1. Given 20 °C and 1.002 mPa s, how large is the Stokes-Einstein diffusion coefficient of the range 427-529 in µm²/s, with Rh as the Kirkwood radius over Cα pairs?
2. Report the label-to-label distance for E377 and R586 in nanometres (one decimal), using points 7 Å from each Cα along the Cα→Cβ vector.
3. Obtain the nm distance between the two label points defined at E393 and Y10 by a simple spin-label model: each point lies 7 Å from its Cα along the Cα-to-C-beta direction.
4. Between V617 and D538, what FRET efficiency follows from the Cβ-Cβ distance if R0 is 41 Å, with the result rounded to 0.05?
5. If you place +1 on the Cβ of every Lys and Arg, -1 on the Cβ of every Asp and Glu, and leave all else neutral, what size is the dipole of the range 18-173 about its Cα centre, to the nearest 20 Debye?
6. Let's see if you can work this out: charge +1 on each Lys and Arg Cβ, -1 on each Asp and Glu Cβ, no other charges. What is the dipole magnitude of the chain about its Cα centre, in debye to the nearest 20?
7. Might you report the magnitude of the Cβ-based charge dipole of the range 334-401 about its Cα centre, with Lys and Arg at +1 and Asp and Glu at -1, to the nearest 20 debye?
8. Enumerate the amide H contacts of G337 below 5 Å, restricted to partners 5 or more residues apart or on another chain; note that Pro and chain-start residues carry no placed amide H.
Amino acid sequence: MPEYLAPGVYVEETSFRPKTIEGVSTSTAGFVGPTRYGPVEGEPELLTSFADFERLYGGLDELVFGGSRQTNFLAQGVRAFFEEGGKRCYVARVYAPDADASPPGEGRAWADNQGLASPPPILLTLTARFPGVMGNLRVTIRPRLSPSVLVTSAGGTGTQFQGLKEGDVVYVRDTASPPQHEGYYNVVLHGDTPVLRPADGAADGSDDVRAGDLSSTHHVARLTVDVEIQRPIYRPRRPRERFDDATLVEDLPLNPADPGSLAGYFTETPSSRVDYVSVPFFVTLTLSPPATATGADYAAALFGNDPADTGSPTVPAVFQLTGGSDGQRPGLDAYTGAVHPTTHRKSGFLALEDLDDVSIVAAPGYSYAYDRLAPNEQAEVEAIQAQLIAHCERMKYRIAVLDAPDQQSVSAVRAFRGRIDSKWAALYYPWVTIFDPVTEQELNLPPSGFVSGIYARNDVERGVQKAPANEVVRLAVGFEYLINKGQQDVLNPEGINCFRFFEGRGHRLWGARTATSDGEWKYVNLRRYFAYLERSIDKGTQVFVFESNGERLWDNVRRTIADFLFNEWKSGRLMGLSPEEAFFVRCDRSTMTQNDIDNGRLICLIGVAPLRPAEFVIFRIGQKLLETRG
């Protein structure tokens, strides 16, 4: 209570309205699986378009597992998600290194300056930040020389350096013969006067070069670099490897103390997550004997330091990173994920646990080639699927979109479905055929990416209460198998959702059942709508925690939830001709004992009448006799 101690007028704000509950989003998806590039741990980035995915995780090009190429199912699934109407998703990349990966367990590409035309004694190494064949970058570092900064001082009495600051790197060229003072220098300040110090110059300044030590034969230029990064693109029916997607970073200083320098921009330990995921490699420089590197050391490592051996920084340094590997086909451990012991970053399904807004989870490609795998590999596929379901059951407000394996007969997919029983999962069959922009041929893809996008589209256009079925599959040009009504008569009762082609109506998703034996939760929309209600109420009533547990609080809780459910009924999301038929909310002495109250428990009983889909539309038609009037 406020305190009233001195006489006066007190104006206070109060509220006479109950708290409000805002419905949560149900259309954000989380994808888990291998990609061409990108982070393998840490909180996934929010993606709002396929262009975002390409920027962070690479494109649609194939993955290379153990020397054999495989369709990039996750990238294709994310593309399908956005094409089918999805707006937001997260991607948790999984990676399983080769047994002989170098450095051990990493699969990251690298290159050093010892392969340049005139390798200097200073070792400079470029290392891809993340594993993958896409880390085999081609990096071109070009020198950029300013006009001469050695100018005649005012009055023509001498020379001075113009426009230099502490830490700049300059290159001095002498046209006289023999040349003097030629090479790279770091700029240091004596008071306010810049002077040039060699990389190995004495700290007392005895080796410093002043403007007065130079003559008209000297050209002194400030040195910065431009960095061009080209990523490898693999395209079937074309040359297997070419470089594309060039990125140019211009005018980087060489002073490593500058955060915007070559070493600062391409650092192994960036200060922000944005730089961590967007800067594709990092630079390290090793001096022998060990010492603190300067900008002149970086210049010498890139362009050489011997004027007689093309030491002038005019020829770019080109690094071809090699050794990047997509590793092996990820298994259960990679999908399950782990917490890094030092950075505490999570991977796999664990990386999605800290994201509150994910409501759809899929792992496109985990079931690929199931029938063609060894028995132990098949068991691992089943374990990955079980882990996907367990993740959604544990997180409570999510549904797992499961893929039937490819090349499955009706009897085989029934056997596969028989291993699953969960009200938090839905299984889809068969695979969807698209025209692949990479191969320019037809390609069969797992259904989960398409279905996740259809879920999101359905939620936006109709609402989460409507069954996500009888929806057009926009990208489809066909299906792996054409399912007829007789086959679906067998599959649908078992909770296998089918894709069907209808003449004149196109390719459609024609099923909306969960993979459960519990008849109360057999419909996808019912499961997802209750998850929506529960999560909305969960978030909207957090304000009541630790309030005084009495009649006023109970009344406030009842009104808050009743207002939310009334709006749901008015929006056509609940059955009933009146609010009393659509829902009830009880929170009083009838729902709590004194023991509950004594132990800090507020118990509210909520009942709703949800809408179920008209799965079977039946018209009964019979003959009618014509009646005559007498």
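1. Diffusion coefficient, whole number: 151 µm²/s.
2. Rounded to a tenth, the inter-label distance reads 5.7 nm.
3. Label at E393, label at Y10, 5.5 nm between them.
4. 0.70
5. The calculated dipole for the range 18-173 is roughly 460 debye.
6. Approximately 2900 debye in magnitude.
7. My answer is approximately 120 debye.
8. Those lying under 5 Å, H to H, from G337 are F349.
The values are calculated or read from the model by the stated rules, or taken from the named source; none is laboratory data. Every value quoted in this text rests on a predicted model; they were computed, and no experiment measured them. As a convention, Cβ positions derive from the backbone with ideal geometry for all residues, glycine included, and neighbour counts pool all protein chains shown. When the accessible area is computed, the model is the full protein with side chains, heavy atoms only, and any ligands, DNA or RNA have been set aside. Shrake-Rupley method; radii C 1.70, N 1.55, O 1.52, S 1.80 Å.
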